[in-house]
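Accompanying notes for the structure given below.
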Amino acid sequence: MFTVANITRSDLLVGLCTAVLLVCSGVGLNSQSTAGAPGGTPTVTAMAVQEPPLIDGEVLADTAWENVSVATGFQQSTPDDGQPATQRTEIRVVFTSDTLFIGVVCYDSDPSLIVVTDSRRDSSMNDTDSIQIVFDTFRDRQNGFVFGTTPAGQEYDGQVINEGGSRSLFGSGGRGGFSRGGGGGFNLNWDGAWQVRTLVSDIGWSAEFAIPFRTLRFPARPQQHWGINFQRNLPRRNETAYWAPLPRQYNLYRVSMAGQLDGLVTPSGNARNLQLTPYVVGAMSKRDRLPDRRAVVTGDMGADLKYSVTPGLTLDATYNTDFAQVEVDDQQINLDRFNLFFPEKRPFFLENAGAFTVANEGAARQPDLGQTELFFSRRIGISATGQQIPILAGSRLSGKVTDTTTVGFLNMQTEDIDGVAPANNFTVARARRELPNRSSVGGLFVNRIATGRQARSNDYNRTYAVDGRWGVGDNAMVQGFVGRTETPGRRGRDHALNVSANYSSESWRLLTGYQENGEDFNPEVGFVRRTGGFRKYDLGINNTSRPNGFLKFQELTPHMSFTRFWNFDGVMETSFLHLHFMGEFEDSSSTGAWYDVKSERVFRTFSISGIPVAPGRYDFSETNYSFRYNRSAPISFGVSTTAGGLFGGDIVTVRPSVRLRYQETLNLSLSYSRNDIDLPAGSTITNLTSARIGYNLSPRVFLQGLIQHNDSAGLWSSNLRFGWLRDANTGLFLVYNDIEGISDYVPVGAGRSLILKFSYLLDVLN
């Protein structure tokens, strides 16, 4: 009889290697021609102009765009992959000595049907008429910059890392994008200094982008040859089209298949760019946990500095760092015994954050139950309880030193807080060399050492790692890392290793991987979801099909995944089988149903919302159904329901949500999650309610509110933000925060604060 105990580490590695070989051999048998193949790369030529375009959104009437080569001929990825786009799009590129200009004309046979859902900076491009541009400035076919806009003139930008990273099994690649702050494959939180203007007319809509060269990073030579691609979304048809055609399993971040931008000249004088962003901030606050609950008025100032050492290498420095304008975290309810992940949102840590990312993909299902981040910037300046720790100063050197070599060096110094944390110095060093066909090899070093009056002599932690990616053919990737940590007092297994392989075709996606973390592996400046040491194997299979009108489905994506964890004694800790059917309709509505079979072995008592779960083995299952109505409609709603077992008991979860919008000006979303939990040791009901409101006076002037009620954490929280933005998300911010306990409970951070902050970007050398 086949049992878990019969599976050895060598068996797992053999199985994984076999799977990798099968994937690789499959690639060789089923290779396909792509837009990025030699001789098939579309090209657009940039033209130098003496007089720049007037940035008002009017492209066709501006003489600066005359006699310029036009990029057109967009091709659909969805719904009719491989067919010409239903609406014509024209792209023109010109430049001056210091700025790159993109002129876009989006013809529309019926402009009255144009959809605009939001005008806030960096709000989603998926459910609105939009245009996006990706630049692979170093032509390394792995990384890039994304800029986008809508007919409302929205500003959207981000950084692509490793072609967007590996996707989960959920859905196809088409229009997706994700952000995990500093990590992940797409860093949406990066904000550059640039501008865009749009115009809606009887021919459709048009846009003019002005992107200073100093905002981008590129090789230190006059003649440039960049990778480039354009994406247009047409939500009324759920249509996505690209200038450089992409198979439907990929999205805009697939820069290895991008077209080419020629004719661009970047004067070397732009290398010496210096930007200074000073700020002043004042606050009035009351803290409910302090003996003296009177309002306290404080003020402070500081500055950030950015200097282009070369066009590809940037030095950032910060003094007395402040993040008052950053949106608060979304509340979560933990229904398991593992750590919760909250993304990085603080601006200083976000630019070139991908330079510090270690190859760590391969989870067959999100969230990755064994997720390990070797460097996680939220460990700097935020305590384990979420309390902010003042950052005195810091610096970061990051970017390209050659066309294929990326480096990153970060040093930060925090202050001490009595009874909370000593002062600490953080150092991170990273180097990565890009290789042909989306491959790379790199190394990472992370060091934390306590400093100052509260520091102990042996209070330090270090992480060492090497990682690599190997692109196999057009559709497969093998990647992984090997690392270890050094922590005084820990002498056991302090290593971690991860290896994974994935294969993507137009119809199939396969994932497999193996990871193990030693029981003393302790990256204190990283993130480990499951501590205590484990070995993990996972496998996932996804099929994507276009059913040609069956029940008005546009795309069907059934998939399955299997994940299993063992400890180092060979005892199974977690087994998880996931069977999932998903379908997207022609109007972008979607539905899904899944069935999970779980097995958990608990070694130490833990609590779920105050109810203890005793040690033992638990076998249970659950079912889920979800539906989401037309995401681009003025009224969109959804519901998700889950029912099944939970650690010897039962759970029923209901998550309804609704979104209301008025054009691009007003957005209101309400979400509610209720967990009815019945365990052997007791029963409880948890409720998590969230209300978001956004009112946009213009793309750069907004009022946002987030109100959350979490009875599991015992708190109400409110975050209200007014912003009047200038360049690169600087400007005037007015922020009100309120945290209150439920009943007599006083949570950490309870109280109220009113914060006024002003920051200004100065181009010192321009």
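Sort the chain into rounded, prolate or oblate with this rule: let a ≥ b ≥ c be the square roots of the eigenvalues of the Cα gyration tensor; rounded if a/c is under 1.5, and if a/c is not under 1.5, prolate when a/b is larger than b/c, oblate otherwise.
Rounded is the answer for the chain, as its axis ratio a/c remains below 1.5.
Please compute, over every Cα-Cα pair in region 680-742, the percentage with a separation greater than 16 angstrom.
Roughly 58 percent, once rounded to a whole number.
Just how many pairs of Lys in the chain have C-alpha atoms closer than 29 Å, counting pairs that are eight or more places apart or on different chains?
Step by step, the pairs that qualify in the chain add up to 8.
At 0.36 nm per residue, minus the direct Cα-Cα distance, what do LEU435 and LEU703 gain on full extension? Give it in nm, one decimal, please.
91.9 nm
On a full-extension model of 0.36 nm per residue, what is the gain between LEU732 and THR689, subtracting their alpha-carbon distance, rounded to one decimal in nm?
In short, 12.5 nm is gained.
Suppose every Lys and Arg Cβ carries +1 and every Asp and Glu Cβ carries -1, with no other charges. What dipole size does the chain come out with about its Cα centre, to the nearest 20 debye?
About 1400 debye.
Applying a 10 Å radius around every beta-carbon, put 496-505, 436-445 in order of their mean neighbour count, most first.
496-505, 436-445
Could you list which residues have their amide H under 5 Å from that of ASN320, counting only those 5 or more apart in sequence or on another chain, with H placed in the peptide plane?
ALA393
Go through region 134-146 residue by residue and turn each phi into a ³J(HN,Hα) via Karplus (6.51, -1.76, 1.60, θ = phi - 60°); whole Hz please, and just put x for glycine and proline.
Coupling constants for region 134-146: 10, 10, 9, 5, 8, 6, 8, 6, 9, 10, x, 10, 10 Hz.
Starting from the Cα gyration tensor of region 35-266, take the square roots of the eigenvalues, sort them a ≥ b ≥ c, and report rounded, prolate or oblate (rounded when a/c is under 1.5, otherwise prolate if a/b is larger than b/c, else oblate).
Taking the square roots of the gyration eigenvalues as a ≥ b ≥ c, region 35-266 is rounded.
Among LEU720, ALA681, ILE133, whose Cα projects farthest towards the positive end of the dipole of the chain, with charges put on the beta-carbon of Lys, Arg (+1) and Asp, Glu (-1)?
The listed residue farthest towards the positive side: ALA681.
What does the charge dipole of region 35-266 about its Cα centre add up to, to the nearest 20 debye, if the Cβ of each Lys and Arg holds +1 and the Cβ of each Asp and Glu holds -1?
Here region 35-266 has a charge dipole of around 860 debye.
Going by average Cβ neighbours within 10 Å, how do the peptides 235-241, 679-685 rank, with the highest at the top?
The packing order, highest mean first, is 235-241, 679-685.
If we sort 535-547, 281-293 on the protection proxy, mean other Cβ atoms within 10 Å, highest first, what's the order?
By packing density, highest mean first, the sequence is 535-547, 281-293.
Only helical DSSP H runs with n ≥ 4 go in: add -39500 (n - 2.57) per run for the chain, normalise by residue count and round the 222 nm mean residue ellipticity to 500 deg cm²/dmol.
-1000 deg cm²/dmol, from helical runs alone.
Using the eigenvalues of the Cα gyration tensor, what equivalent ellipsoid semi-axes result for region 216-348 when each is taken as the square root of five times the eigenvalue, whole Å, largest first?
41, 29, 13
We did not get these values from a lab; they are worked out from the coordinates using the rules stated. Since we're looking at a predicted model, the values are computed, not measured. Cβ sites come from the backbone with ideal geometry, for glycine too, and all protein chains shown count toward neighbours.
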